[in-house]
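First up is the structure itself, then whatever we jot down about it.
What follows is calculated from the coordinates using simple rules that are stated; it is not laboratory data. Just so it is clear, the model here is predicted, and its values are computed rather than measured. Cβ coordinates were reconstructed from backbone atoms using ideal geometry, including for glycine residues, and neighbour counts include every protein chain displayed.
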Amino acid sequence: MNNAVLQFDDIDKYFGETHVLKDITLNIDTSEVCVIVGPSGSGKSTLLRCANRLEEIQNGEIRLDGQSISAVDADVNRLRQRIGMVFQSFNLFPHKTALENVTLAPRKVKNLPDKEATQRAENLLDEVGLLEQSSSYPNQLSGGQKQRVAIARALAMEPKIMLFDEVTSALDPELVGEVLGVMRDLAGDGMTMMVVTHEMGFAREVGDRVVLMADGRIVESASPTSFFENPSTTRGKQFLSKLL
Ligand code: ADP
Ligand code: MG
């Protein structure tokens, strides 16, 4: 049975002459938390961006729930609505409150009535522990709070999968935990997730699978236990030895 939510089939991505994703095949199953690790420049962000079609691929195919994302005639806007993405940099709308940030897309894109959009947003802000900050503007929030609003905003579109690209990398260390906690809860609720992170504790405890990328390739894909305790490749061993 094919349970994959997101499928990358033999994809290649070039920036000009530079081959940045090399023959990537990866399936993300329903409710799976797939953690992507690897050195800077290995192609992690590009892989996530291709999934959302923020970048075009040159070979292969990407499918969401079996439907091609990468086909020329794919309904990109519709597919994008079903993929939530949160980035390293806080990209909230600065002149909108936390609540307005979360209600905006459901109202504009899904034509959800104000009352319903507000109700949904309040539930989500409550889930990420920020109901009391509903009327705060981004500049009144800490980095950790902004990222939690960004997660709530992505969830408001009821995505099939959430993509996280180093969402805690720009945070002060004391704020990392609150964001990882929200992601952990989300995983516990069965959300399908692809998480690029340097937080190895999270990878180990929350990940169902760790995928190591190096130089545009997937070099290792394993359960967290076998990846961290007994990496099967030299690249895996090297990567782990640098963490110490
Ligand atoms: P990672 O997220 O693992 O650090 P990236 O996906 O950002 O890696 O980058 C992979 C490679 O693609 C790097 O060599 C990077 O320089 C290159 N790259 C990324 N974005 C662009 C771009 N817009 N134009 C040209 N090269 C890019
Ligand atoms: Mg990156």
>> Can you compute the helix-only [θ] at 222 nm over the chain? Use -39500 (n - 2.57) per DSSP H run of at least 4 residues, normalise by all residues, nearest 500 deg cm²/dmol.
In response: -11000 deg cm²/dmol
>> Just to confirm a number: summing +1 for Lys and Arg and -1 for Asp and Glu over residues other than Gly190 whose beta-carbon lies under 12 angstrom from that of Gly190, what do you get?
In response: -4
>> About the Cα centre, and with charges only on the beta carbon of Lys, Arg (+1) and Asp, Glu (-1), how big is the dipole of the chain? Nearest 20 debye, please.
In response: 340
> Between the helical axis of 98-108 and the dominant principal axis of the chain, each derived from Cα atoms, what acute angle in degrees is found, rounded to the nearest 10?
Replying inline: 80
>> Placing +1 on the Cβ of each Lys and Arg and -1 on the Cβ of each Asp and Glu in the chain, which of Phe90, Thr225, Phe202 has its Cα farthest towards the positive end of the resulting dipole?
In response: Phe90
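Using r as the Cβ-Cβ distance of Glu56 and Asp215, and R0 as 35 Å, what FRET efficiency do you calculate, to the nearest 0.05?
Numbers: r = 21 Å, r/R0 = 0.59.
Working from the Cβ atoms, E equals 0.95.
Magnitude of the Cβ-charge dipole of the range 101-191, K/R +1 and D/E -1, about the Cα centre, nearest 20 debye?
On the way: 10 positive and 14 negative charges, 96 e Å.
Once rounded to the nearest 20, the dipole reads 460 debye.
For a quick check: sort His19, His95, His198 by the number of other beta carbons within 10 angstrom, fewest at the front.
Values: His19 16, His95 10, His198 13.
Starting with the residue having the fewest Cβ neighbours, the order is His95, His198, His19.
Indicate, rounded to the nearest 5 percent, the antiparallel portion of the DSSP beta bridges found entirely in the chain. It would help to have the intermediate numbers written out before the result.
Working: 20 of 37 bridges.
So the antiparallel bridges amount to about 55 percent of the total.
Quick check: net charge around Phe93, other residues with Cβ under 15 Å of its Cβ, Lys/Arg +1 and Asp/Glu -1?
Working: positive: Lys96, Arg107, Lys108, Lys146, Arg153; negative: Glu100.
Here the charged neighbours net out to +4.
What is the sum of charges, Lys and Arg at +1 and Asp and Glu at -1, for the other residues whose Cβ falls under 10 Å from the Cβ of Ser134?
Numbers: positive: none; negative: Glu100, Glu122, Asp126, Glu132.
Surrounding charge for Ser134 is -4.
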> Considering the dipole of the range 38-197 built from charges on the beta carbon (Lys and Arg +1, Asp and Glu -1) around the Cα centre, which of Gln119, Met183, Val109 is farthest to its positive end?
Replying inline: Val109
>> Only four residue types carry charge here, +1 at the Cβ of Lys and Arg and -1 at the Cβ of Asp and Glu. Report the dipole size of the range 73-129 about the Cα centre in Debye, rounded to the nearest 20.
In response: 180
> Helix 234-243 versus the longest principal axis of the chain: what is the Cα-based angle in degrees, 0 to 90, to the nearest 10?
Replying inline: 50
>> On a full-extension model of 0.36 nm per residue, what is the gain between Asp75 and Ser31, subtracting their alpha-carbon distance, rounded to one decimal in nm?
In response: 13.4 nm
>> Could you tell me which residue out of Gly41, Gly66, His19 lies farthest along the dipole of the range 1-76 toward its positive end? Charges go on the beta carbon: Lys and Arg +1, Asp and Glu -1, centred on the Cα centre.
In response: Gly41
> How far is it, in nm, from the label point at Asp126 to the one at Ala170 when both lie 7 Å from their Cα along the line to the Cβ?
Replying inline: 3.0
